[in-house]
Amino acid sequence: MTEPDLIKGLIAKDSEAWKALVDQYQILVYNVCFGFLQNSHDAQDLTQDIFIEVFNSAHKFRGDSKLSTWLYRISTNRSLNFIRNNKKWRFWKELSSFFSDDESDDNPVSEEPSVLNENMEQQERSRFLYAAISNLPDNQRIAFTLHKIEDLPYAEIAEIMNVTLPAVESLMHRAKVNLRKRLTPLLK
Amino acid sequence: MNCKTFEEQILDGIDINKNPSGAKTLEEHLAQCSSCSAFQQVVQSGSESIISGRRSMNDPELFGKIQRRMLKIEREDSSTKKPVVKIFRIGAPFAMAAASVLLGIWLGGQILAFTAQPAQGTASVSTTPELYALDIHLNDESSEFIESYLSGN
């Protein structure tokens with residue numbers, strides 16, 4: 001199914017087009033979510049939410065960019081929203097557990113990287129890097145994640161973020177400077 | 001070149017194919033500098049583990065899961081849960097307003113109770129006419145002045 005046919009089908013709420021979209025783009029959506037969240041369960045849940053959102057708002061797609069660009073944009077925004085909401089949720093959870101003196105903590109922290117099969121040292125290293133990336137301002141984080149993890153070129157990132165190419169270059173430069181600043185003291 | 005430049009190169013992920021001499025210089029520096037070496041290990045193994053959880057194959061059940069989830073959402077929308085959400089949305093401002101009004105009433109009551117307390121010397125006076133009489137009595141000087149003014153004219 002070609003992209004224009006797919007979009008027409010989505011707008012018409014055609015289940016075949018809908019299935020084709022999920023089959024064609026689920027890896028892209030999941031990987032973007034995983035790149036930001038570093039948790040497979042959350043990434044799976046969010047992938048489903050994103051496809052539901054796409055299904056409900058397909059009529060809003062103007063067709064002035066590629067479908068993949070639109071999906072990258074939605075996935076990125078939804079992932080960052082999820083992290084923000086999750087931070088609030090974690091804050092209230094921590095606050096309530098502090099006041100209730102409940103020391104048992106059966107639920108793993110949702111934002112932690114899933115590195116179950118690695119040794120402790122490697123886990124520590126990945127946590128360092130993930131923490132440093134997480135603390136970047138949103139724009140820098142999006143640019144860095146899309147370029148370094150999704151391996152997207154600057155031009156496509158500019159289209160996804162709706163900014164100019166020099167703006168992406170600047171964001172990437174600042175992201176690298178900030179990462180260096182954040183990582184270097186941790187290693188000394 | 002200093003460590004800062006090498007750290008930037010590490011973050012850039014220097015490509016051996018594109019820049020073989022740069023890669024060789026970096027390798028030589030890493031062999032000597034422990035801090036850059038540690039930096040490189042963090043970036044490299046951190047990136048590897050971040051990327052390791054990515055998917056390369058489709059989940060065949062995803063479409064079914066999404067359909068089930070959509071049905072669940074539709075059912076929830078049509079059931080009583082929606083008004084509950086709305087109540088929660090408007091409930092907080094209403095609760096705040098009600099609490100403010102109650103607090104105002106309570107504070108007003110406290111202030112009135114404090115100001116309405118009789119003076120020490122008039123502890124035995126309790127009825128309204130007595131209080132009124134007391135008030136006239138307390139203002140004797142002014143009433144005498146008014147009386148003399150009226151009688152003078």
Worksheet item: Per Stokes-Einstein, at 25 °C and 0.890 mPa s, what whole-number D in µm² s⁻¹ belongs to region A:1-94, with the Kirkwood radius over Cα pairs as the hydrodynamic radius?
Response: 177
Worksheet item: Ordered by residue, what ³J(HN,Hα) values in Hz, to whole numbers, does region A:154-163 give under the Karplus form 6.51 cos²θ - 1.76 cosθ + 1.60, where θ = phi - 60° and Gly and Pro are x?
Response: 4, 4, 6, 4, 4, 5, 5, 7, 6, 10
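Please find the FRET efficiency linking A:GLU16 to A:ALA167, where r is the Cβ-Cβ separation and R0 is fixed at 51 Å, and quote it to the nearest 0.05.
Here the calculated transfer efficiency is 0.85.
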Practice prompt. Compare the peptides A:42-54, A:158-170 by average per-residue count of other Cβ atoms within 10 angstrom and give them in order, highest first.
Written response: A:42-54, A:158-170
Fill in: Where trypsin sites (Lys or Arg not before Pro) fall in DSSP loop in region A:37-68, at most 15 other Cβ within 10 Å
A:ARG62, A:LYS66
Practice prompt. For region A:167-179, take each phi angle, set θ = phi - 60°, evaluate the Karplus expression 6.51 cos²θ - 1.76 cosθ + 1.60, and give the result in whole Hz per residue in order, putting x for glycine and proline.
Written response: 5, 5, 4, 5, 4, 5, 4, 5, 4, 5, 4, 5, 5
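If r is the Cβ-Cβ distance from A:GLU124 to B:ILE105 and R0 is 35 Å, what FRET efficiency results, to the nearest 0.05?
Details: r = 58 Å, r/R0 = 1.66.
Here the calculated transfer efficiency is 0.05.
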Worksheet item: Where the convex hull is taken over the Cα atoms of region A:115-188, what is its projected area averaged over directions, in nm²?
Response: 5.3
Worksheet item: For the pair B and A, how large is the buried accessible area, both sides, in square angstrom to the nearest 100, if the probe is 1.4 Å?
Response: 3500
Discussion item. If you take each beta carbon of peptide B:61-72 and count the beta carbons of other chains within 10 angstrom, what is the mean?
Written reply: 5
Worksheet item: Shielding of A:143-150 by partners, i.e. mean partner chain Cβ atoms within 10 Å per residue?
Response: 2
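The values are calculated or read from the model by the stated rules, or taken from the named source; none is laboratory data. Keep in mind that this is a model prediction, so the values were computed, not measured. Positions of Cβ are backbone-derived with ideal geometry, glycine not excepted, and every protein chain shown enters the neighbour counts. Each accessible area value is taken on the protein alone, full model and side chains, heavy atoms only, with ligands, DNA and RNA left out. Shrake-Rupley method; radii C 1.70, N 1.55, O 1.52, S 1.80 Å.
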